[in-house]
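Participant: My questions all concern the structure below.
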Amino acid sequence: MKRVAMETLSLSKINYFLKTKTLGQKIISFTTVDSTNSEAKRRSADEPEGAVLLSEVQTAGRGRLGRQWLSPGGNIWLTVLLKPELPATKIPSLTSVAAAAVCLALEQLRPSIADRLQIKWPNDILLNGRKIGGILTEMQVSAAKVQAVILGIGLNVNLKAEDFPEEIRSLASSIYLETGEIPSREQLIASILNSLEHLYFKFLEDDLSETLAVCRRKSAVLGRKIILIDHSGKPTSSGKLDRSGSPSGQIREAEALDLGSNGELLIRYENGEKASIISGEISLRLQ
Ligand code: BT5
């Protein structure tokens, strides 16, 4: 496959497709930044709810638990700054809100890939079983109050197999690799923000029903045997690109039963014991 020349992102094109009231009404765009999530954290006190940060390249893109996120140009590296007046315990649901929004946007723009598009709970977007995107939800809390939520979305648009380090080449992919096409990034960004705003406003009204319906419909996990790796107390900050959740955590086998009312994963361990897990420090592999 030949790579198509990379075009620079046009903010006016994004605006053209944008139908939101809040999200993306202010867009701050960079050619290069360490991480749009890190930059959003630095600016969170000065920027309004719904501000979006975009960067062509990230030099220190981050995944969960200190993992690296490969972030060359031509893809979508985006962070939305949110300021919900909610307790911190409600915030992990926003990962599901964002995953659902990304799926709705992709389904809308590329109906032909809809049935191959999945969410691997809690934050991986899969196409043909390979990871094409991920969500990183972080928050800033002060005096027991959520000051800001930093909602990062990464979506591989144009990456080729050789762009990925060998250790993740069989697990990761891009829209281009899986479909042979490069969609308009502007249209995709606007579509993600349109869907995200719709689901976010519902979330603020305590209504996650649509998010959960999408997450259940798209789940790569429900009904499957899974391996859970619990990293709590054992941060992996080697900075190496490892297989999602490889070392050091406590490992247990389980079956994924359903999503709970806040997007948590309801599981049954091998010994029959049931549990509900929130996204925080757990990673998961399909068996
Ligand atoms: C994630 O973490 O999937 C969250 C990714 C969030 C990225 C966005 S981009 C905009 C914003 N700014 C940031 O700095 N981050 C957010 P996790 O589930 O921990 O997955 C990380 C793992 O995915 C790595 O350890 C690799 O195995 C793999 N990986 C790294 N880069 C990848 C890529 N571009 N595509 C697919 N897999 C990747």
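Participant: Ignoring ligands, DNA and RNA, please state the percent of accessible area on region 116-166 from carbon and sulfur, probe 1.4 Å. Don't jump to the answer; show the numbers that get you there.
Facilitator: Values: 790 of 1750 Å².
Carbon and sulfur together cover 45 percent of it.
Participant: Let me ask something else. Under a plain spin-label model, where a point goes 7 Å from the Cα along Cα-to-Cβ, how far apart in nm are K202 and R285?
Facilitator: So the two model labels end up 3.4 nm from each other.
Participant: Any chance you could run the full-extension gain for E162 through F30? It's 0.36 nm times the residue separation minus the Cα-Cα distance, nm to one decimal.
Facilitator: Separation in residues times 0.36 nm, less the Cα-Cα distance, equals 45.0 nm.
Participant: Taking all protein chains in place and a 1.4 Å probe, what share, in percent, of the accessible surface of region 1-81 do carbon and sulfur account for? Numbers along the way, then the final one.
Facilitator: Values: 2160 of 4090 Å².
Solvent-exposed carbon and sulfur of region 1-81 make up 53 percent of the total.
Participant: In square angstrom, what is the accessible area per residue of the chain with a 1.4 angstrom probe?
Facilitator: With all protein chains present, the chain gives 45 Å² per residue.
Participant: Whole-Hz ³J(HN,Hα) for each residue in region 60-75, computed from phi via Karplus 6.51 cos²θ - 1.76 cosθ + 1.60 with θ = phi - 60°, x for glycine and proline: what do you get?
Facilitator: Ordered by residue, 3J(HN,Hα) equals 9, x, 10, x, 6, 6, x, 6, 7, 10, 5, 9, x, x, x, 10 Hz.
Participant: Same structure again: So how do 105-115, 129-139 stack up, highest first, on mean other-Cβ count within 10 Å?
Facilitator: With the highest mean Cβ count within 10 Å placed first, the list reads 129-139, 105-115.
Participant: Which entries in K19/K131; K90/K218; K90/K274 show an alpha-carbon gap greater than 24 Å?
Facilitator: With Cα atoms farther than 24 Å apart: K19/K131.
Participant: OK, next. Report the full-extension gain for the segment D46 to A213: residue separation times 0.36 nm, less the Cα-Cα distance, to one decimal in nm.
Facilitator: 56.6 nm
Participant: Under 5 Å between amide hydrogens, which residues at least 5 positions from L222 or on another chain qualify, with H placed 1.01 Å from N in the peptide plane?
Facilitator: none
Participant: Roughly speaking, what is the stretch gain from T89 to A60, that is 0.36 nm per residue apart minus the C-alpha to C-alpha distance, in nm to one decimal?
Facilitator: 7.7 nm
Participant: So for the pair A114, V141, with labels modelled 7 Å out along Cα→Cβ, what separation do we get in nm?
Facilitator: Result for the modelled spin labels: 3.9 nm.
The values are calculated or read from the model by the stated rules, or taken from the named source; none is laboratory data. Worth saying up front: this structure is predicted, and the values here are computed from it rather than measured. Quick reminder, even Gly has a Cβ in these numbers, built from the backbone with ideal geometry, and neighbours come from all protein chains shown. Protein only, heavy atoms only, side chains kept; ligands, DNA and RNA dropped before computing areas. Shrake-Rupley method; radii C 1.70, N 1.55, O 1.52, S 1.80 Å.
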